Amino acid sequence: MKISFNINGEPQSVEIADENTPLLWVVRDMLDLKGTKFGCGKAACGACTLHIDGEAVRSCSYAVKFAEGKEVTTIEGLGNEENLHPVQQAWIEEVVPQCGYCQPGFMMATAALLDKIPNPTDEDIDKNIINVCRCATYYRMRKAIHRAAELKAEAIPSTETQTS
Amino acid sequence: MLFAFLFFGVLFAFNSSLLKVGYTPVSTIGFKKPTSNGAYHKMMDVLMSPRCINCHPNDNIPKQADDSHPHYFGVSRGVNNLGFQATKCTTCHQTENNNYSGVPGAAEWSLAPDKMKWEGLTRNQIARSMLNKENNGNRNLEELEHHLTAHELVLWAWKPGVDAQGIPREPPPVPLEEYKAAVKEWIENGAFVPED
């Protein structure tokens, strides 16, 4: 069956035999976007987190059929080298990753958090960022999340200036 | 003297009856007290199963599996019974069970509202709470029956999918049609809750 959606701002259609195939397989193996990672396959670790219509979703547990007509954003669509997303910038500044495998999921979860809560408290972070990092980079991630909030707040006036 | 005794006796009996009931009773005019509580107990066997109780917590923390352990990763009631702002129930749970990941799902997946705390209550306490319009979303008996027998999230209990190990979850101890008939019978007979 054919399933159509937008991914990172571009329209995309896939032909797939099993509509219950996890979106993660489609993103990685069919669309060759390898930034989103397979961790546990049980929606437990969060390495596969991406955005569906702006909401954080564990794509290993999200049937591709549910993506029909929706806006999918992966880590590749969050920003790029020329125009880093505040979360990416903060992650670089705070040198967050160790092995790095789980980081795209954390960054997508953080981007979703900052969209909902622009200046999150530690408690907000504890409640909303529940991914798993086996290198235990949690301390640096917490610093980076607060830094990303600052960067995003700083970026908002300049964005408004550009558009006005 | 005798009159005063009788008067206050009746008054006391009336008040203690109200206290004992402890919920706002729906109309029972025209109902006959059932001779058997079989339908009631059959219904409550279902409502007290982990498939139902796990999402009626008394501590705002959903429970998982047949041992009703707290939901992993610090998940809690959050906003509108749907989890936290950016990490919601729907971050993992969709509108269907996912047999690849073992994550359960159904339409309107959420915790039961705060007023419907059932965990730790006896079956009679749960039944009284369920009949209390202040707790049950202002449902009358007809609406309560519909909720108990037709709501998609309630019916999920009989198609609970597989767990993270791929093992089928245990459905409630009464078959669905038998449960529906029991609910209907209990309500048609006045939704009486037996004495404790």
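Every read-out reported here was derived from the displayed coordinates using simple, explicitly stated rules and does not represent laboratory data. Quantities reported herein were computed from a predicted structural model and do not represent experimental measurements. With ideal geometry, Cβ positions are generated from the backbone for all residues, glycine too; neighbour counts draw on all protein chains shown.
Assorted remarks:
- For the range A:41-164, relative contact order (Cα pairs under 8 Å, six or more residues apart, normalised by length) works out to 30 percent.
- If you sort the three axes of the alpha carbon gyration tensor as a ≥ b ≥ c, you get a/c of 1.5 or more for chain A and a/b no higher than b/c, which makes it oblate.
- Highest average packing first - A:130-136, A:24-30, B:133-139, A:62-68, Cβ atoms within 10 Å: A:62-68, A:24-30, A:130-136, B:133-139
- For the set A:LYS116/B:LYS63; A:LYS2/B:LYS184; A:LYS70/A:LYS127, the pairs lying more than 32 angstrom apart at their alpha carbons are A:LYS2/B:LYS184.
- Pairs of alpha carbons in the protein assembly as shown whose separation is greater than 39 Å (percent): 31
- Listed peptides B:165-178, B:109-122, B:40-53 by packing density, highest first (mean Cβ within 10 Å): B:40-53, B:109-122, B:165-178
- Charging the Cβ of each Asp and Glu at -1 and of each Lys and Arg at +1, and nothing else, the dipole of the range A:2-78 about its Cα centre rounds to 320 debye.
- For the range A:86-159, the calculated P(r) over all alpha carbon pairs, in 5 Å bins from 0 to the bin holding the longest distance, is 3, 18, 32, 27, 13, 5, 2, 0 percent.
- Take the Cα of A:GLU19, go 7 Å toward its beta carbon, and the backbone nitrogen atoms of the range A:35-76 under 16 Å from that spot belong to A:62-70.
- If you take the Cα centroid of the range A:82-158 and the Cα centroid of the range A:6-46, the two points sit 22 Å apart.
- Summed residue charge, Cβ within 11 Å of B:ARG51's Cβ, Lys/Arg positive, Asp/Glu negative: +1
- Once the C-beta distance of B:ALA164 and A:LYS143 is scaled by a Förster radius of 30 Å, the resulting FRET efficiency is 0.40 to the nearest 0.05.
- Degrees separating the helix A:103-116 axis from the principal Cα axis of chain A, which is the longest one: 70
- Averaged over the residues of peptide A:119-130, the number of Cβ atoms from other protein chains lying within 10 Å of each residue's Cβ is 3.
- Peptide A:145-156 has a mean shielding of 0, counted as Cβ atoms of other protein chains within 10 Å of each residue's Cβ.
- Beta bridge orientation in chain A: antiparallel %, DSSP, nearest 5: 85
- Taking 7 Å steps out from each Cα toward its Cβ at B:GLU108 and B:GLU134 produces label points 2.4 nm apart.
- For the protein assembly as shown, share of DSSP beta bridges that run antiparallel, in % to the nearest 5: 85
- Helix A:138-163 and the longest principal axis of the C-alpha atoms of chain A enclose an angle of approximately 90°.
- The residue among A:CYS133, A:MET107, A:GLY77 whose Cα reaches farthest toward the positive pole of the charge dipole of the protein assembly as shown, with charges on the beta-carbon of Lys, Arg, Asp and Glu, is A:CYS133.
- Averaged over peptide B:96-105, the number of partner chain Cβ atoms lying within 10 Å of each residue's Cβ comes to 6.
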